Amino acid sequence: MNKLEAILKRAQSLTSTISNGEKVTQEVRDQATELDAELNELIGWFDPNWTSYEQGYEYDPELIDIAMQMGVTE
């Protein structure tokens, strides 16, 4: 669950940056791009209709574990 907590904290930080009108730097864009990929992967475990990933993509084992702990079954 540590990885899920880290993802949520990064998402909160990015939304705060935007909502507070802070400058969106290239670093912020890069963080958002990385976070987007992680969130797409995580959503894919909870929503079987989510099609953001191509066939053959290897999921992060930590995210698989998080989903399984939360009751998602393959």
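Before moving on, here are some points about what is shown:
- In a fully extended conformation the segment linking Ala6 and Glu62 would gain 19.0 nm over its present Cα-Cα distance, using 0.36 nm per residue.
- Sites Gln31 and Gln69 - FRET efficiency at Förster radius 25 Å, r taken between beta-carbons, to 0.05: 0.45
- For Lys23 and Phe46, the FRET efficiency from 1/(1 + (r/R0)^6), where r spans their Cβ atoms and R0 equals 25 Å, is about 0.15.
- Going from the fewest other Cβ atoms within 10 Å to the most, the residues Lys3, Lys23 appear in the order Lys23, Lys3.
Quick note: the coordinates plus some simple rules give every number you see, no bench work behind them. The model shown is predicted, which means the values in this text are computed figures rather than measured ones. Note: ideal-geometry Cβ built from the backbone for every residue, glycine included; neighbour counts use all protein chains shown.
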